[in-house]
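Below is one structure; the comments refer to it alone.
The values are calculated or read from the model by the stated rules, or taken from the named source; none is laboratory data. Bear in mind the structure is a predicted one, so any value in this text is a computation, not a measurement. Cβ atoms come from the backbone with ideal geometry, glycine included; neighbour counts cover every protein chain shown. Accessible surface areas use protein heavy atoms only, side chains included; no ligands, DNA or RNA. Shrake-Rupley method; radii C 1.70, N 1.55, O 1.52, S 1.80 Å.
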Amino acid sequence: MSTIVSPISKPALSITVGNTTNPDSGNAQGMRLMQARVYEQRHAQYLLIKSPPASGKSRALMFVALDKLHRQKLKQVIIAVPERSIGSSFADEPLSQYGFDWDWRVNPRWNLCNEQDDGDSSSERSKVKAVGRFLRSSDQVLVCTHATFRFAIDELGIEAFDDRLIAIDEFHHVSSDVDKNRLGLLLQQLIARSRSHLIAMTGSYFRGDGDPVLSVQDEARFTHVTYSYYEQLNAYRWLKSLDICHAFYNGVYLDSLKNDENDSVLAPSLKTIIHIPSINARESTGDKLAERSRILDMLGTWESADPSTGFELVRTPQGRLLKVADLVDDSIPARRAKVLNALKDPAHKNDRDHVDIIIALGMAKEGFDWIWCEHALTIGYRSSMTELVQIIGRATRDAPGKKRARFTNLLAEPSADQGVVAEAVNDTLKAISLCLLMEQVMAPKFSFTPKNAGPQEGFDYGKNGYQPGQCNEGFNKATGQYHIEINGLVPPASPEVQRICREDLNDLYVAVLQDKDLMARAVFDQANTLPQETNLLHIGRIIRERYPNQTPEEHETIRQHMLASCFFSRQQASLTLTHEQQAQNELAADIKTDEQRHANTAFVDGTRRFLRVQDLDIDLIDSINPFDTAYAILARTLDAGTLNQIQASVATKRASIPEDEARELTKRALAFKTDNGRPPSIHSPDPWEQRMAQGMMALARILAKTKAARQQEASQHG
């Protein structure tokens, strides 16, 4: 029997804004606030735009690109997007009717995202010739995928893109680790040549794997424009509130989904995107099609499939006909394509009644544009904060009559002490809040190499330096990464194994903890189960089943790196070098402990990856309420004051401004406000304006702490 423990009456996190900005008050050139902020920096050679989904980044690029073409005399503009569906964001726009000097036009032959293909490497490479023809033409704008752009540089050379603007959308796909990320390497080469202009755009300037997007040196060359979720919501005409909820259940998640308008998880009256869990996730039943069918049954009675759109037509018990887009069943490609095309049809973008509910697994996340979405329901623990923020962005589009949006993460109730779970929830809420303020929150990852691999460039190995013959440890201050040498460790050789060791280790660890056979041996048959049997045989079996296409040597490499990552992640405070066998023993102990807690601590353990949030003395927990056999953890409302408190905490932690300097900066900030009609902004590209804003925040924090200390002292003395 499943129990929902997070009622709809009070969401875990609620952002409410006062709408102090008039959304219709675009400037004389038709630019919204964010776009005008970007346009002010149009002369920058390298421009980094950090702004939420649906905030207008695409149009901001159009304004800047047209200025660079017509006034700055660049030859052409090339826009690269991660997948073809996002290319539609850069379609023609009649900007002159809003007051701008030029219209945005893309010749259909140069929007390579509109070409029909199967998306494989050969198809992408075939478009390189089209890029070459464009570079020789007099046309001005080309739109392509990241893959096409990479292949084009490989074949045509970096110099072919001189005197052109290169715009990279969804910039968090880039990584500063050029050994892992080809696009990152090409960006470094373009910056080093310094003959192109670059615009980088992203709604989440952080990667799920913890690697920096840009190196510190390259990032310093970019002019930054930051626009937070709070500013975005404050400027919307309709959408005023964003609720972020954590709902916990016992049993099977499907038993917790009910066709009940008062239910906290599934309310069919809301336009909803449901992301069911990965088949490898703990929350999954292992049968995605059966889960999809069960959800349809909960919504009502299936009547038919719409022949024009492919949407499932379901009649609710209340008599309403729901149009449900099924993106889970991919068994018939033509049917899947029909549904996708119907969802992307621009003729229905402003039609609220076009579709009611979307059920997806790995789709409808990044770049997916459905302005009517009111509720993003995600089932299962997501280890990637990037993915969470992207999913939240699906519900934060402004649309007529849409005053409130919600993101719900439905999780198996953590089998841990209530205080531990409360702390994890609070850290998660702080991390989400920081992400919505466009702050990096991911903790650094470890880089493992075999003993005597040699010093890694940029790493500090202590006062004695790198010592051959020893297992060295180093730290890179620029990237915040650790390098650990382990005796006997096998380095990943193929690109796929490198990717697995970079991205999949956390999920693999969870899969190990969920294996019933392994748990039974490790916990209930300890006397007859050696650690080597657990670590070598059973974990090896799980890896072989999960990655059947890899060689035995590659399976062993993955196993070793998973064990090393597990151990050092748990020991990162001390970073004591340890032989691999000790890491194996540590994992064996973890397995026994986690099984005793029902192997359900992924949500709690995941907060260890959040950088800095534990140091922020901000409590977002309002209460812990008993509910049946479990409990609900509720948070206080996140309003403008709380967001300012969070941002002040981050700024002062980063800047470490003493009180006398904070007071002087505040005086200058007040003078700035008198002269400019607004206080200095922490997001300003002007370093002095940023410093004044930091000083104001630091002083407010100092005064608040002083007041609290005095109150505590007074209470102690009666």
(request) Might you let me know whether region 442-453 holds any residue that is modelled with pLDDT of 65 or more, more than 29 Å from residue 559 (Cα to Cα) and either among the hydroxyl-bearing types (Ser, Thr, Tyr) or open to solvent by less than 40 Å² (accessible area, probe 1.4 Å) (or both)? (result) no
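Give me the residue from region 131-154 that is part of a helix (DSSP H, G or I) and of a type in the set (A, V, I, L, M) and, out of that set, nearest to the chain's Cα centre (by Cα).
From region 131-154, those part of a helix (DSSP H, G or I) are 131-136, 146-154; that's our starting set.
From what's left, of a type in the set (A, V, I, L, M): 131, 135, 147, 152-153.
Working: 131: 30, 135: 34, 147: 21, 152: 28, 153: 27 Å.
For region 131-154, the residue satisfying everything is 147.
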(message) Need the failing condition index for residue 342 against (1) touching a Ser or Thr at 6+ places or on another chain (Cβ under 6 Å); (2) within 23 Å of residue 382 (Cβ to Cβ); (3) free of Cβ contacts under 8 Å to residues at least 40 places away in the same chain, just the number.
(response) (2)
(message) Between a residue in region 680-704 that is farther than 14 Å from residue 670 by Cα and touching a residue at least 12 places away in the same chain (Cβ under 8 Å) and any residue that is part of a loop (DSSP other than H, G, I, E, B) and β-branched (Val, Ile, Thr), which pairs come within a Cβ distance under 7 Å, given they are 6 or more apart or on different chains?
(response) 698/657
(request) Starting from region 232-247, keep only residues that are part of a strand (DSSP E or B), then list their pairs with residues that are modelled with pLDDT of 75 or more and among the aromatic types (Phe, Trp, Tyr) whose Cβ atoms are within a distance under 9 Å, requiring at least 6 positions of separation or different chains. (result) 242/407; 243/407; 244/407; 245/407
(request) Would you please list the contacts, defined by Cβ atoms under 6 Å and residues six or more apart or on different chains, that run from a residue in region 453-477 that is touching a residue at least 24 places away in the same chain (Cβ under 8 Å) to a residue that is small (Gly, Ala, Ser) and surrounded by 11 or more Cβ atoms within 10 Å (Cβ to Cβ)? (result) 459/474
(message) Taking the condition of being touching a residue at least 40 places away in the same chain (Cβ under 8 Å) and surrounded by 13 or more Cβ atoms within 10 Å (Cβ to Cβ), how many residues in region 278-295 meet it?
(response) 10
(request) Report the residue count in region 342-365 for those that are surrounded by fewer than 17 Cβ atoms within 10 Å (Cβ to Cβ), part of a helix (DSSP H, G or I) and at pLDDT 85 or above. (result) 1
(message) For the list (1) in a loop (DSSP other than H, G, I, E, B); (2) open to solvent by 10 Å² or more (accessible area, probe 1.4 Å); (3) among the hydrophobic types (A, V, I, L, M, F, W, C), I need the number of the one condition that residue 31 fails.
(response) (2)
(request) Keeping to region 90-113, report how many residues are open to solvent by less than 50 Å² (accessible area, probe 1.4 Å) and part of a helix (DSSP H, G or I). (result) 5
(message) Among the numbered criteria (1) open to solvent by 10 Å² or more (accessible area, probe 1.4 Å); (2) more than 30 Å from residue 91 (Cβ to Cβ); (3) at pLDDT below 85, which one does residue 408 miss?
(response) (1)
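Could you please let me know if residue 37 is modelled with pLDDT under 80, in contact with a Phe, Trp or Tyr (Cβ under 9 Å, 6 or more places away or on another chain), part of a helix (DSSP H, G or I) and among the charged types (D, E, K, R)?
In short, no.
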(message) Looking only at region 38-65, filter to residues that are hydrophobic (A, V, I, L, M, F, W, C) and over 18 Å from residue 88 (Cα atoms); which one of those is surrounded by the most Cβ atoms within 10 Å (Cβ to Cβ)?
(response) 49
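Filter region 251-263 for residues that are at pLDDT 75 or above and part of a loop (DSSP other than H, G, I, E, B); which is farthest from residue 282 (Cα to Cα)?
Residues of region 251-263 at pLDDT 75 or above: 251-257.
Adding the requirement that they be part of a loop (DSSP other than H, G, I, E, B) leaves 251-252, 257.
On the way: 251: 11, 252: 10, 257: 17 Å.
Out of the qualifying residues, it is 257.
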(request) Within region 132-146, track down each residue that is open to solvent by less than 20 Å² (accessible area, probe 1.4 Å) and without any contact (Cβ under 8 Å) to a residue 40 or more places away in the chain. (result) 132
(request) Using the structure shown, decide if residue 312 is more than 30 Å from residue 187 (Cβ to Cβ) and at pLDDT below 75. (result) no
(request) Answer yes or no: is there a residue in region 374-387 that is in a loop (DSSP other than H, G, I, E, B), at pLDDT 80 or above and among the acidic types (Asp, Glu). (result) yes
(request) Given the conditions (1) open to solvent by 80 Å² or more (accessible area, probe 1.4 Å); (2) in contact with a Lys or Arg (Cβ under 8 Å, 6 or more places away or on another chain); (3) more than 21 Å from residue 387 (Cα to Cα), report the number of the one that residue 329 does not fulfil. (result) (1)
(message) Taking the condition of being on the phi > 0 side of the Ramachandran plot and aliphatic (A, V, I, L, M), how many residues in region 36-91 meet it?
(response) 1
